[in-house]
Amino acid sequence: MRKQYRGILLALLFITILTGCFKDKTVDFIRTETSVISNESNHSTLETEGKEQEPKQQEPKQLEEPKVQKQDDTIKYDDQTELPKIVANSLKETPKKVQEVLPVTVSEEVEKEVEKQVAVPIQNAPTVKISIHDQNKEILGEVEIPWQQDLTAFELLKKITQSQNIQMDFRGEGENAYISGIDNKYEFDKGPESGWMYKVNGIFPNVSCGAYKLKIGDVITWEYTSHLGNDLK
């Protein structure tokens, strides 16, 4: 561009000198064009310098992703058993726990000895015996039951007949208790002297059954008599 303008100016100067016409206008035109060219030249120079001086914008750096350490999910095995260490440790402790849980085996001899020791107090526990007879008929064979303090012959008969489902009638309470019938056999069924009597260790007591308190080892026998006990052995 500069070379073209210069060529034009030189041509105009050459024409002006030859012709001498329009001297003033040509000079003004030349000055104006020269000023324009100069301004354009300066402007282009400033743009070039500005571009050179303009700092390069740095591209933003990408943030680096934080490095996450991967957990080692692999299971470490014990060298000897090739099992996980936790399992190996639990296996080592298992025998102790098994010993605590497993029942202790006892020989038959020991069991028999224990049974003897347990049975001794039962065999030696205080008891009393009772039986019921209707002359030649046995209503209740001899039964052994635990002795209780202050238990009377009447209370013992009442308990045993109830437990064995044997019919029994009586009248009165306490020391005045009187047995009127057992197993549907009543007084006066065999005459005016018939009825029920009881023995303690083979002897007729001189007190009512409601008044007699049992002693350890007593044997109580209830029998039906037709003659106030004279017919009983």
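The values are calculated or read from the model by the stated rules, or taken from the named source; none is laboratory data. None of these values were measured; they are calculated from a predicted model. Positions of Cβ are backbone-derived with ideal geometry, glycine not excepted, and every protein chain shown enters the neighbour counts. Remember, those area values only see protein heavy atoms, side chains included, never the ligands or the DNA or RNA. Shrake-Rupley method; radii C 1.70, N 1.55, O 1.52, S 1.80 Å.
Values as computed for the structure displayed
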quantity	calculated
Solvent exposure ordering (accessible area, 1.4 Å, most first) of MET197, MET168	MET197, MET168
Exposure ranking of TRP147, TRP196 by accessible area [1.4 Å probe, largest first]	TRP147, TRP196
Residues listed by number, region 124-156, amide nitrogen under 18 Å from ILE216 label point at 7 Å toward C-beta	124-130, 144-152
Stretchable slack from THR127 to LEU232, in nm (0.36 nm times residue separation minus alpha-carbon distance)	35.2 nm
LYS215 - accessible surface, heavy atoms, 1.4 Å probe, Å² rounded to 10	120
Heavy-atom accessible area per residue - region 154-226, 1.4 Å, Å²	53
Per-residue SASA entry for GLU155, accessible area with 1.4 Å probe, Å² rounded to 10	80
